[in-house]
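Reviewing the structure listed below.
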Amino acid sequence: TLNLGATNLTISNGGSYSGIITGTGGLINSNSGPPSSATLTLGGANTFSGGITGSSPNPSYIITHPSALGTGTLDLSSQSQSSFITATLGYDFGAAGFVGTVANNIILPSAAVTVNIGKTSIFNQGQTLRLTGLLSGGGAGMSLELNRNSGFNPNIVVLDNPNNSFLGTIRNGTSASG
């Protein structure tokens, strides 16, 4: 277990942590390198409440547990480069047919970029990611791509908050809205 206390932890050049993160502090994903080197993979049933902020041009996250992002906001507003190959928010819950509900609010970038939310592996298909938190922010040129890299695979992203207020275009690989 990693207890942040009230401190924000800066993580440079991505990384992976599958343990539990607690506390009122948050995580800062910092990197100036290529998108793949800024990927932060989280897998624990986390309860930290300070949120996650990306301070690189293309921060990306992979979650392997629905509570991996803690209870705070995922702030993607710093994204200034499009994410086509690497998912901005990727998921793989490990079991075919698994439905993962992620309750975090997500702030989208105002820049004219593509934000890619989708499954990150070809294994254990048929997973569903339900985003029940508020999606806000965005801008006229921002595009939200759902399951772009899934191709023929039957994965689903559900935007399941009727109060979502983001501005931008939604492009669907396989998606549904609640």
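The values are calculated or read from the model by the stated rules, or taken from the named source; none is laboratory data. The structure presented is a predicted model; accordingly, all values stated were derived computationally and were not measured. A quick note on method: Cβ atoms are made from the backbone with ideal geometry, for glycine too, and the neighbour counts reach across all protein chains shown. All accessible areas refer to the heavy atoms of the entire protein, side chains included, with ligands and DNA or RNA removed. Shrake-Rupley method; radii C 1.70, N 1.55, O 1.52, S 1.80 Å.
How many residues does region 5-17 hold that are outside any strand (DSSP E or B), open to solvent by 80 Å² or more (accessible area, probe 1.4 Å) and modelled with pLDDT under 95?
Looking only at that region, the number is 1.
Working only within region 19-34, note down all residues that are modelled with pLDDT under 95 and open to solvent by 40 Å² or more (accessible area, probe 1.4 Å). If you could, list the steps in order and put the result at the bottom.
Step one: list which residues in region 19-34 are modelled with pLDDT under 95, which gives 28-34.
I28, S32, P34 - these are the residues of region 19-34 that are modelled with pLDDT under 95 and open to solvent by 40 Å² or more (accessible area, probe 1.4 Å).
For G51, work out the one condition from (1) open to solvent by 10 Å² or more (accessible area, probe 1.4 Å); (2) farther than 18 Å from I170 by Cα; (3) at pLDDT 90 or above; (4) in contact with an Asp or Glu (Cβ under 7 Å, 6 or more places away or on another chain) it doesn't fulfil.
Only one criterion is unmet by G51, namely (1).
Check whether at least one residue in region 74-82 is open to solvent by 40 Å² or more (accessible area, probe 1.4 Å) and among the charged types (D, E, K, R), and report yes or no.
The answer is no, given that none of the residues of region 74-82 is open to solvent by 40 Å² or more (accessible area, probe 1.4 Å) and among the charged types (D, E, K, R).
Looking only at region 98-150, count how many residues are open to solvent by 40 Å² or more (accessible area, probe 1.4 Å), within 21 Å of T71 (Cα to Cα) and either aliphatic (A, V, I, L, M) or at pLDDT below 90 (or both).
4
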